[in-house]
Amino acid sequence: MSKTLKIGIIGCGGIANGKHLPSLAKQKRAEIVAFCDIIQERAEEAAEKFGVEGSQVYSDYRKLLENKDIEVVHVCTPNDSHSEITVAALEAGKHVLCEKPMAKTAEQAREMLDAANRTGKKLSIAYQNRYRDDSLYLKHLVEQGELGDIYLGKAIALRRRAVPTWGVFLDEEKQGGGPLIDIGTHALDLTLWLMDNYKPKSVLGSTFHKLGDRKDAANAFGPWNPEEFKVEDSAFGFITMQNGATIVLESSWALNVVEFGEAKTLLCGTEGGADMQDGLRINGEKNSRLFDTKIDLDAGGVAFYSGETENEADREARLWIESILDDKEPLVKPEQALVVTEILEAIYESARTGKAVYFD
């Protein structure tokens, strides 16, 4: 019988309850044995709903890390504490899955990578959009050479009016920024991964705080408090890679745009292109004619049966657990996530200084 991993959750807020805990609870090779939150009642509620019998509850993550039975830790806290908690967990002998982005700053992200290399423990970052059916299918096509040499990518994370009004999303000190570091990070990670290009050369960036001061604004989550809105409401980046490839990054929580989409990518290569604007579409040229094809990713095809399905959060949890128990490399490598954070930081720096940022 396969070994069962014992997992501890640090941070029992929205992302833990909305993604990590429900998906981990479905995994037969893992059990959630410890819950930690600075608001102990939240940890208690999560333990009651998702924990196994005898689950432990903590309000101090250091106490959780002293528990020798815990082999894996999921870090689901605000961005400014990702590095501190992850490094401590790795040094305590735990494997770590940390929520995105890897860290608030590139320096903190490098400290996490150094700790993983030093301890020999596995570290991955929760970029779950790689695990979507369309993402995995497109990755397979790219690896087969269907698009040829990909020289243009567009990373799209645009919301028309969907500013998160809970937690610390609007707090620049704790989060490090707004939509760029929150949802732009997903689109950038997806695009870099599909292009398999992690060598940036230069970055130009712009950030805007144009709509955040509005009172009683239309918003999917209800009006935001302008006095609390300390981050950008939109941000854009122009990224040049060492091989000449270019990536355009668009991110917003509030932007006057009709066409919008989140965690999507557009790729242009020498042999074909792909986008996710209306499902997964592939385009190209064949027999002197242009074509475009929409990929059917449904598992069905038989009357009254829709097929077996696994969403990206469940797949992320399963493959993460398998990477540990079967000693395989995680799909999201910390070295890759570090480059994402470095580029995001460069966009913010470029926006602040009005100058391009160059990588060594």
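Residue check: is residue 324 more than 23 Å from residue 199 (Cβ to Cβ), in a strand (DSSP E or B) and either among the charged types (D, E, K, R) or in contact (Cβ under 8 Å) with a residue 12 or more places away in the chain (or both)?
Details: more than 23 Å from residue 199 (Cβ to Cβ): yes; in a strand (DSSP E or B): no; either among the charged types (D, E, K, R) or in contact (Cβ under 8 Å) with a residue 12 or more places away in the chain (or both): yes.
Here the answer is no, as residue 324 does not meet what is asked.
Note on segment 95-133: residues that are part of a helix (DSSP H, G or I) and either of a type outside the set (Lys, Arg) or touching a strand residue (DSSP E or B) at 6+ places or on another chain (Cβ under 9 Å) (or both) amount to 16. Pairs are defined by a Cβ separation below 8 Å, a sequence spacing of at least 6 or placement on different chains, a first member in segment 222-242 that is under 11 Å from residue 170 (Cβ atoms) and charged (D, E, K, R), and a second member that is part of a loop (DSSP other than H, G, I, E, B) and open to solvent by 60 Å² or more (accessible area, probe 1.4 Å); the pairs so defined are 232/209; 233/209; 233/210.
When the test is whether a residue is crowded, with 22+ Cβ neighbours inside 10 Å, in a loop (DSSP other than H, G, I, E, B) and among the β-branched types (Val, Ile, Thr), residue 168 does not pass it. Residue pairs whose Cβ atoms lie under 6 Å apart, separated by 6 or more positions or on different chains, with the first residue in segment 145-164 and of a type in the set (Phe, Trp, Tyr) and the second not in a strand (DSSP E or B), are 151/245.
Which residues, taken from segment 172-190, are assigned to a loop (DSSP other than H, G, I, E, B) and either out of contact with any helix residue (DSSP H, G or I) (no Cβ under 9 Å at 6 or more places or on another chain) or farther than 20 Å from residue 215 by Cβ (or both)?
Selection gives 176, 177.
Against the numbered list (1) open to solvent by 40 Å² or more (accessible area, probe 1.4 Å); (2) assigned to a loop (DSSP other than H, G, I, E, B); (3) under 30 Å from residue 208 (Cβ atoms); (4) not polar (S, T, N, Q), residue 332 comes up short only at (1). For segment 72-81, the count of residues that are out of contact with any Cys (no Cβ under 6 Å at 6 or more places or on another chain) and more than 27 Å from residue 105 (Cβ to Cβ) is zero.
Hey, among 205, 153, 237, 244, which residue is surrounded by fewer than 22 Cβ atoms within 10 Å (Cβ to Cβ), farther than 24 Å from residue 76 by Cβ and among the small types (Gly, Ala, Ser)? Answer to the selection: 244.
Considering only residues that are of a type in the set (Val, Ile, Thr) and surrounded by 21 or more Cβ atoms within 10 Å (Cβ to Cβ), look in segment 24-46 and name the one that is farthest from the chain's Cα centre (by Cα).
Taking segment 24-46 as the starting set, the residues that turn out to be of a type in the set (Val, Ile, Thr) are 32-33, 38-39.
Still in the list and also surrounded by 21 or more Cβ atoms within 10 Å (Cβ to Cβ): 32-33.
Working: 32: 22, 33: 25 Å.
For segment 24-46, the residue satisfying everything is 33.
For segment 312-329, residues that are more than 13 Å from the chain's Cα centre (by Cα) and surrounded by 14 or more Cβ atoms within 10 Å (Cβ to Cβ) total 11. So is residue 167 of a type in the set (Gly, Ala, Ser) and modelled with pLDDT of 95 or more or not? Considered against the rule, which asks whether it is of a type in the set (Gly, Ala, Ser) and modelled with pLDDT of 95 or more, residue 167 comes out as no. Identify the residue in segment 1-23 that is of a type in the set (S, T, N, Q) and modelled with pLDDT under 95 and, among all such residues, is most open to solvent (accessible area, probe 1.4 Å). That would be 2. Restricting attention to segment 86-108, the residues that are under 26 Å from residue 183 (Cα atoms), open to solvent by 10 Å² or more (accessible area, probe 1.4 Å) and either touching a Leu at 6+ places or on another chain (Cβ under 9 Å) or hydrophobic (A, V, I, L, M, F, W, C) (or both) total 2.
The values are calculated or read from the model by the stated rules, or taken from the named source; none is laboratory data. Predicted model only: the values in this text are computed from it and were never measured. Note: ideal-geometry Cβ built from the backbone for every residue, glycine included; neighbour counts use all protein chains shown. Remember, those area values only see protein heavy atoms, side chains included, never the ligands or the DNA or RNA. Shrake-Rupley method; radii C 1.70, N 1.55, O 1.52, S 1.80 Å.
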